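Report on the structure given below.
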Amino acid sequence: MARRSEQLSPELHAYLIAHSSPVDEVLAALAEETLRRFPDSAQMQIGPEQGTFMTLLTRLAGARRGIEVGTFTGYSSICLARGLGEGGRLICCDVSEEWTSVARAYWDKAGVADRIELRLGPALGTLRALPAEPAFDLAFIDADKTGYISYWEEIVPRTRPGGAILVDNTFSGGRVTDPDSHNATVQAIRDFNDHAAADDRVELVMLPIGDGLTLARKR
């Protein structure tokens with residue numbers, strides 16, 4: 001199964017899962033296949049509680065147009081697509097044909113393939129090619145951490161007022177508060193967190209879900 005919320009003990013995490021809506025067979029199978037085929041990268045997949053939260057948030061927001069930066073094998077995109085309103089569409093940005101071939105298969109199994117448009121290629125180019133108007137109801141950023149600020153700066157103007165932006169891994173394995181951690185990825189997350197917190201175009205909260213999940217609302 002995918003990574004649990006890292007700030008919780010195994011016992012408390014098991015309790016959380018037992019008292020949340022259960023993961024269905026499609027998502028469970030996807031998590032298992034991802035671990036089997038990509039054992040060195042499987043930790044990039046979101047955990048079940050984060051997936052359920054994202055589906056519920058998408059439904060509560062009444063989102064119909066969404067965009068995801070960083071799709072991997074498709075777990076998060078299934079969760080988002082399931083929450084979209086009638087006629088909803090999700091654009092997924094990724095660079096890996098290998099990873100997203102798994103995603104495509106599971107989009108079909110989950111019955112959401114007709115709601116998803118995959119755009120292969122560097123996400124920054126994909127974002128910059130989109131119309132400039134604020135059309136998205138929901139966005140999820142979960143790609144290369146050094147690109148987070150650039151992705152944010154393209155997505156915020158394209159998100160409608162009242163729309164939501166989710167950003168993953170904002171704890172960076174808990175290392176954001178470690179003064180001895182000088183890893184480039186960790187520093188990129190620190191820089192992004194400071195950048196987003198100072199952005200008066202949004203109001204936001206950092207949630208202890210998974211490896212830290214920032215939720216922002218466009219003003």
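Nothing in this text is a laboratory measurement; each read-out follows from the coordinates by a stated rule. The structure presented is a predicted model; accordingly, all values stated were derived computationally and were not measured. Quick reminder, even Gly has a Cβ in these numbers, built from the backbone with ideal geometry, and neighbours come from all protein chains shown.
Amide H to amide H distances under 5 Å link residue 89 with 65, 66, where only residues 5 or more positions off or on other chains count and H is placed in the peptide plane. Within the chain, DSSP assigns beta bridges of which about 35% are antiparallel (rounded to the nearest 5).
Using the Karplus relation 6.51 cos²θ - 1.76 cosθ + 1.60 with θ = phi - 60°, the per-residue 3J(HN,Hα) values for the range 125-133 come to x, 4, 5, 5, 7, 6, x, 7, 6 Hz, with x marking Gly and Pro.
For the range 37-43, backbone phi angles converted through the Karplus equation (6.51, -1.76, 1.60; θ = phi - 60°) give residue-by-residue couplings of 8, 10, x, 7, 10, 4, 5 Hz, Gly and Pro being listed as x.
According to the Kirkwood relation over distinct C-alpha pairs, the hydrodynamic radius of the range 1-132 is 15.3 Å. Each Lys and Arg adds +1 at its Cβ and each Asp and Glu adds -1 at its Cβ; summed about the Cα centre, the chain shows a dipole of about 600 debye. The phi-based Karplus calculation (6.51 cos²θ - 1.76 cosθ + 1.60; θ = phi - 60°) puts the 3J(HN,Hα) values of the range 5-21 at 4, 6, 8, 9, 5, x, 5, 5, 5, 4, 5, 4, 4, 5, 10, 10, 4 Hz, whole numbers, x for Gly and Pro. Mean residue ellipticity, 222 nm, helices only, the chain: the sum of -39500 (n - 2.57) across DSSP H runs of n ≥ 4, divided by residue count and rounded to 500, is -12000 deg cm²/dmol. Electrostatic tally near residue 60: other residues with Cβ closer than 15 Å to its Cβ, Lys and Arg +1, Asp and Glu -1, net +3.
Summarising the amide proton neighbourhood of residue 163: residues at separation of 5 or more, or on other chains, whose placed amide H is nearer than 5 Å comprise 218. A simple packing score, the average count of other Cβ atoms within 10 Å per residue, orders the peptides 185-197, 134-146 as 134-146, 185-197, with the highest score first.
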